[in-house]
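Here is the structure we will look at, set down as C-alpha cells.
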Amino acid sequence: DAGVIQSPRHEVTEMGQEVTLRCKPISGHDYLFWYRQTMMRGLELLIYFNNNVPIDDSGMPEDRFSAKMPNASFSTLKIQPSEPRDSAVYFCASSRAGQPQHFGDGTRLSIL
Amino acid sequence: QKEVEQDPGPLSVPEGAIVSLNCTYSNSAFQYFMWYRQYSRKGPELLMYTYSSGNKEDGRFTAQVDKSSKYISLFIRDSQPSDSATYLCAMNTQGGSEKLVFGKGTKLTVNP
C-alpha cells in the first residue's frame, strides 16, 4: 500500500510569496493531520481533519496559514504571505480512529 | 513544565549494546503511547504503539509504560548501525483520532 504522499519534497521561495503544500493520505484513513517540525520546538500539530472537516486548528500560527481538505484523498496547507520564520519541515499524517498515525516524508520549506 | 520531556542526547553506543530511551510526561489523561523512529530527511516511522500501562515486545524492541510514574521507555536489544536515527516518543488520550504530543527526540548513533 502507498503511504502518505507529500509534495513538493523541497521548496525554496522568497519572503512574501505564497506557498502551497500538498498531501495525499493513505486510502481509507479518515483523519488527516498537519505538523510542523523545527529544531527549537520539535513536532507540533497545526491542524487536523476528520472526514474532511477541520476539527482543531488551534495550532495554526496566524491568519497567514490556511488548510483545506476538499475530498478524502487530498489536502493543502497554504502560507500567504510567507516569512523566514515559517522555514521548517512540514509533515502530513493520516490515521483511522483508534489506530496510530502514519507520516509522510515531509516538505522541507525554506523562506529566504 | 512541558507536557512531554525527552533527553535529546546525543547517545552513542557500540554495536550490540542494549539501548534505553525514556520520556516523562505530565498529563495523567494520556492513554496511548507511541515510539517513532526518524531517519535523516525522512518522516517519523511508527515503531511501537501501546495502550495504558505494561510492556510490549516486537523483535529487538520493547516498550514499557508506567502510568503511575508517568514514565515510558523503549529498549533496543542487540543494537545495529541501522538503528542510528532520532527516536521520538509521542502520546495522547484518544489514539489515532487526536493530535499527538511529541517529545523532542533522542538522537542515537550505533557504532560498528
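Between B:Lys107 and A:Thr38, the modelled labels are 1.9 nm apart [label points 7 Å from Cα along Cα→Cβ].
Counting only DSSP beta bridges whose two residues both lie in the protein assembly as shown, roughly 90 percent are antiparallel.
Taking GluC sites (Glu not before Pro) in DSSP loop conformation with at most 15 other Cβ atoms inside 10 Å as exposed sites, chain B has its longest uninterrupted site-free stretch at B:16-112. If you take the beta carbon distance between B:Ser73 and A:Asn51 as r and set R0 to 35 Å, what does 1/(1 + (r/R0)^6) give as a FRET efficiency, to the nearest 0.05? FRET efficiency, B:Ser73 to A:Asn51: 0.50.
Enumerate the residues in the stretch B:89-103 having an amide nitrogen under 12 Å from the point lying 7 Å beyond the Cα of B:Ala29 toward its Cβ. Under 12 Å, as judged by backbone N against the label point of B:Ala29, lie B:92-94, B:99 of the stretch B:89-103.
Of the trypsin sites (Lys or Arg not before Pro) in the stretch B:34-112, the ones in a loop by DSSP (not H, G, I, E or B) with at most 15 other beta carbons within 10 Å are B:Arg41, B:Lys42, B:Arg60, B:Lys67, B:Arg77. Annotation for the A:B interface, with buried accessible surface near 1700 Å², both sides summed [1.4 Å probe; non-protein components not counted].
Which whole-number percent is the relative contact order of chain A (Cα, under 8 Å, 6+ apart)?
The value is 37 percent.
Going from the isolated chain to the complete set of protein chains, the stretch A:54-92 loses at least 20 Å² of heavy-atom accessible area (1.4 Å probe) at A:Phe91. Were the residues from A:Ser27 through A:Ile5 laid out at 0.36 nm apart, the gain over their Cα-Cα distance would be 6.8 nm. Looking at the stretch A:93-112, which residues lose a minimum of 30 Å² of accessible area between their chain alone and all protein chains in place, measuring with a 1.4 Å probe and not counting ligands or nucleic acids? Those are A:Gly98, A:Pro100, A:Gln101, A:Phe103, A:Asp105, A:Arg108, which lose 30 Å² or more relative to the chain on its own.
Within the straight-line cut-off of under 22 Å between alpha carbons, the lysines reachable from A:Lys24 are A:Lys68, A:Lys78, B:Lys42, B:Lys99, sequence neighbours fewer than 8 places apart in one chain being disregarded.
Per residue, the protein assembly as shown exposes 48 Å² of accessible surface when a 1.4 Å probe is rolled over the protein heavy atoms with every protein chain present. A Cβ-based charge dipole, computed about the Cα centre of chain A with Lys and Arg at +1 and Asp and Glu at -1, lands at about 200 debye.
What a 1.4 Å probe finds exposed on the protein assembly as shown is 47% carbon and sulfur by accessible area, rounded to a whole percent. The residues of the stretch B:79-108 listed by number as losing at least 20 Å² of accessible area in the complex, against the isolated chain and with a 1.4 Å probe, are B:Gly96, B:Ser97, B:Glu98, B:Lys99, B:Leu100, B:Phe102, B:Lys104.
The values are calculated or read from the model by the stated rules, or taken from the named source; none is laboratory data. Just so it is clear, the model here is predicted, and its values are computed rather than measured. Note: ideal-geometry Cβ built from the backbone for every residue, glycine included; neighbour counts use all protein chains shown. Note: areas computed on protein heavy atoms with side chains; ligands, DNA, RNA excluded. Shrake-Rupley method; radii C 1.70, N 1.55, O 1.52, S 1.80 Å.
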